[in-house]
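The values are calculated or read from the model by the stated rules, or taken from the named source; none is laboratory data. Please read these numbers as outputs of a predicted model, since none were measured by experiment. Neighbour counts are summed over all protein chains in view; Cβ atoms, including those assigned to glycine, are modelled from backbone coordinates with ideal geometry. These area figures cover heavy atoms from the full protein model, side chains too; ligands, DNA and RNA do not enter into them. Shrake-Rupley method; radii C 1.70, N 1.55, O 1.52, S 1.80 Å.
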Amino acid sequence: MKLKICILLFTFSMIQIFATGQEPDKIIINNKEYDLLNNPLEKYFEEHPDDHPIYGNKLSEFKQYKNGEQMIYFSTSNSRDYIATFKIENAVLSLVDLTIRDLNSEKENFVSVYKKLFGDQKVILNYSGILVIPTGKLIKAANFGYSSLHEQYTLMTINNDMVVKEKELNKDDFIEFKFRQFDQYKNTEEYKIRLKNYIQDWEESKKSELSKENTRRMSKKEIAALKKEYEQPPTEDYINGYFFAVDNPDFVIVDY
């Protein structure tokens with residue numbers, strides 16, 4: 001219970017501190033489009049990097065940016081640099097569109113690049129995980145990641161692109177599901193690597209922040225405050241609260 005309270009307090013404080021929510025992918029179910037609080041293409045792009053619309057090799061218009069000839073800027077509200085649209089039809093998850101920001105427009109307009117990347121072929125995602133689809137009224141908006149809270153959710157368990165379970169959850173049941181999923185996430189190798197990297201990043205940040213190069217123009221008072229900030233490493237509760245707020249372990253299959 002203590003951990004749950006710490007995680008909830010951390011999550012709500014993160015929501016207040018960070019000012020950038022993420023534009024979600026979309027999913028079509030029974031001809032109605034919903035936001036999708038997962039990003040199934042991220043795993044696909046890890047296995048098929050050439051298919052990535054920005055960092056792959058298929059779209060020639062991005063060569064000048066990848067070669068460093070010109071800077072490319074994307075909205076901080078879309079760290080993926082794309083918006084994917086999926087569809088559930090006959091209990092199968094499929095990709096039906098992929099859009100990126102139009103580099104020729106001063107506005108943040110999006111254009112489809114699906115045909116350029118995939119032509120008429122069907123994309124086999126090989127996705128397995130739990131999709132989270134908010135279907136109810138927005139209760140609490142949050143300008144951080146996918147942290148907004150809704151009255152109702154649809155959860156779908158997917159196994160190699162096939163829907164094997166589907167259920168409606170209210171907000172309380174959804175929160176309980178998130179805690180169960182996170183508890184299982186902590187037992188995975190992905191979590192252990194994530195934790196190790198987080199601690200290493202903190203130690204490297206401490207070394208850099210307290211270096212002579214970084215502090216040589218600081219006052220004694222500023223240096224003392226910085227040393228106090230790095231006096232103790234982050235606690236396990238703090239790190240778990242951070243992970244709970246920002247991570248999306250959709251690959252962890254739990255009951256709901």
Restrict the check to region 102-116 and report whether at least one residue is surrounded by fewer than 16 Cβ atoms within 10 Å (Cβ to Cβ) and either small (G, A, S) or within 13 Å of L37 (Cβ to Cβ) (or both). yes
Kindly indicate whether I199 is open to solvent by 50 Å² or more (accessible area, probe 1.4 Å) and more than 21 Å from Y146 (Cα to Cα). yes
Scan region 214-232 for residues that are open to solvent by 80 Å² or more (accessible area, probe 1.4 Å) and under 19 Å from Q200 (Cβ atoms) and report the count. 3
Identify, by number, the condition in (1) among the acidic types (D, E); (2) modelled with pLDDT of 85 or more; (3) surrounded by fewer than 16 Cβ atoms within 10 Å (Cβ to Cβ); (4) within 23 Å of the chain's Cα centre (by Cα) that E89 doesn't meet. (4)
Could you go through region 136-144 and let me know if any residue there is open to solvent by 90 Å² or more (accessible area, probe 1.4 Å) and without any contact (Cβ under 8 Å) to a residue 40 or more places away in the chain. yes
Checking the conditions here, which among D250, D255 is touching a residue at least 24 places away in the same chain (Cβ under 8 Å), loosely packed, with under 15 Cβ neighbours inside 10 Å and among the acidic types (D, E)? D255
Note down all Cβ pairs under 7 Å where the first residue falls in region 79-97 and is under 18 Å from Y55 (Cβ atoms), the second is open to solvent by 40 Å² or more (accessible area, probe 1.4 Å) and in a strand (DSSP E or B), and they're at least six residues apart or on different chains. I83/K26; I83/F110
Filtering strands (runs of 3 or more DSSP E) wholly in region 130-234 for at least 2 residues that are at pLDDT below 95 gives 138-140
Test for Y82: is it open to solvent by less than 30 Å² (accessible area, probe 1.4 Å) and at pLDDT below 95: yes
Of all the residues that make up region 117-129, how many are surrounded by 11 or more Cβ atoms within 10 Å (Cβ to Cβ) and either in contact with a Pro (Cβ under 9 Å, 6 or more places away or on another chain) or in a loop (DSSP other than H, G, I, E, B) (or both)? 8
If we keep just the residues of region 27-44 that are assigned to a strand (DSSP E or B) and either open to solvent by 80 Å² or more (accessible area, probe 1.4 Å) or at pLDDT below 95 (or both), which is nearest to I133 (Cα to Cα)? E33
